[in-house]
Structures are given as C-alpha cells and as structure tokens.
Amino acid sequence: MREEVFEAIRKRRTVRDYTDEDVSEEQIDALLEMAMMAPNRLDRQPWHFFVIRDQELQEGLGDILVLHPHLASAPVVVAVGAQPEQSATWQMDVMAAIENMLIAATAMGLGTGVLANPESTLWRSAEEMLTEALHIPPQRGVHIPALVTVGHPAEELPPHSREDRFDQTKVHYGAWEERELQGQA
Ligand SMILES: Cc1cc2nc3c(=O)[nH]c(=O)nc-3n(C[C@H](O)[C@H](O)[C@H](O)COP(=O)(O)O)c2cc1C
C-alpha cells in the first residue's frame, strides 16, 4: 500500500503529449471521486469540475493560452472552478483536489497536465470563454483557476526520484539556518 502510493506520487509527471485513445466516463468519474476526497478548509468543498470534450472549445482555449497544443489534443480537459465566496482558501482547496486527481490518474495509467496562471490577462480571457461556453451564470461568481488535461500518455517521462527532487536546503528542523540556498545568493 505505502509503496503503491509512493510509486504513483513519484510517477506523476506533467504529460503534454497524448495518444488518440479515449478516456472513459468511468475513468473520469473515478478521478473526480478522488478529487472530492481532498482536504479543504471548513469542509466547504468550494470546487466545481467541468468535464470538457469539445474540440472547438479546446482549440479556442489553446489559441488564447498559446504554446499549449495539448489542450486541443487531450481527449478530456477538466476545468476546475470554485466559488470564492464559499471559502477564503478556495485556491488551496482546489489545488488539493487537483493533486488527488493527478495521483489517481497516474495510478490508473493515465497522464495529466495542469495549466494555471489565473492572475494573467490571457487567463482571464480563457476564463471568459469558458464561462460563456459552459453557460455558467455570472451571478454564481464561479472562477476557473486551473485546467487539467487528461489522456493516455504518448510520451514516457521518468518518474521523479529522491535524487532529483529532495532538496535538503528546503528543509528546516526547527529554526531557519542561514545558508546558501540553491540558486540564491
Ligand atoms: C499551478 C500550476 C500551474 C501550471 N501551469 C502550467 C502551464 O500553464 N503550462 C504547462 O505546460 N505546465 C504547467 N504546470 C505544470 C508544471 O510546469 C510542472 O508541474 C513542473 O514543471 C514540474 O514537472 P512535473 O509536473 O512533471 O513534475 C503547472 C503546474 C502547476 C501546479
């Protein structure tokens, strides 16, 4: 059990190249079930998940959020939204749900990629496109801070390892020790 969970966490990589193979409704349902198990402040569960299988919309998003061709080529894009008025920590709550989804997808042999840059002008345009296309009533105040592409990986990425990721300079047992941090003077 422990090894399986650790393995899925290590194997989760951002996949930006997908095969034509479809992802079933059952698979998406399982991912969203895992997403909604996530911890979230005061158990407000402020999230909403929009399952998109719409080539035109995906291409439109790809055109706005340039340099992300996998938005159009992924069989499914899950737009992850939230109602900020429901929780002051909505972005953290949403990210916890997304991470659950990514790890579950990896365990199921699927690939995923997160796209998120919610403060940017381009992102706001993408959000407007989504709000309209998904018929989200503006008075609901739904924000969409992240998109998750889901599909079967067409690329094989090496799993992360302790050697490539574990950074002792980011760990503090007790107080901050002044020392040179990686990449910082
Ligand atoms: C909040 C967030 C936003 C991200 N935005 C993008 C993005 O806009 N485009 C992209 O290609 N990848 C994006 N990623 C994926 C990161 O680039 C990726 O997680 C990072 O490079 C580490 O690689 P790994 O996921 O394979 O471990 C995002 C990831 C997170 C968590």
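Scan H48, H68 and give me the residue that is in contact with a Lys or Arg (Cβ under 8 Å, 6 or more places away or on another chain), open to solvent by 30 Å² or more (accessible area, probe 1.4 Å) and not β-branched (V, I, T). Before the answer, list the steps.
Details: H48 fails: in contact with a Lys or Arg (Cβ under 8 Å, 6 or more places away or on another chain).
Testing whether each residue is in contact with a Lys or Arg (Cβ under 8 Å, 6 or more places away or on another chain), open to solvent by 30 Å² or more (accessible area, probe 1.4 Å) and not β-branched (V, I, T) leaves just H68.
Just give me the residues in segment 160-182 being open to solvent by less than 70 Å² (accessible area, probe 1.4 Å) and either assigned to a helix (DSSP H, G or I) or closer than 22 Å to T14 by Cα (or both), in sequence order.
H160, S161, D167, T169
Does segment 107-132 hold any residues that are open to solvent by 50 Å² or more (accessible area, probe 1.4 Å) and either under 30 Å from A8 (Cα atoms) or not polar (S, T, N, Q) (or both), and which are they?
Across segment 107-132, the qualifying residues are A107, M108, V114, A116, N117, E119, L122, R124, E128, M129, E132.
Tell me the helices (runs of 4 or more DSSP H) entirely within segment 1-98 that contain at least 2 residues that are away from the ligand (no atom under 16 Å from the Cβ).
2-11, 25-35, 55-64
Give all pairs with beta carbons closer than 7 Å in which a residue from segment 104-133 that is free of Cβ contacts under 8 Å to residues at least 12 places away in the same chain and on the phi < 0 side of the Ramachandran plot meets a residue that is in a loop (DSSP other than H, G, I, E, B) and open to solvent by 60 Å² or more (accessible area, probe 1.4 Å); count only pairs at least 6 apart in sequence or on separate chains.
Listed pairs, sorted by first residue: none to list.
Restricting attention to segment 143-159, report how many residues are assigned to a strand (DSSP E or B), within 12 Å of the ligand (Cβ to nearest atom) and either touching a Lys or Arg at 6+ places or on another chain (Cβ under 7 Å) or among the aliphatic types (A, V, I, L, M) (or both).
3
The values are calculated or read from the model by the stated rules, or taken from the named source; none is laboratory data. Just so you know, these numbers come straight off a predicted model, no measurement behind them. Please note: Cβ atoms are built from the backbone with ideal geometry, for glycine as well, and neighbour counts cover all protein chains shown. Please note that ligands, DNA and RNA were not included when accessible areas were found on the heavy atoms of the full protein model with its side chains. Shrake-Rupley method; radii C 1.70, N 1.55, O 1.52, S 1.80 Å.
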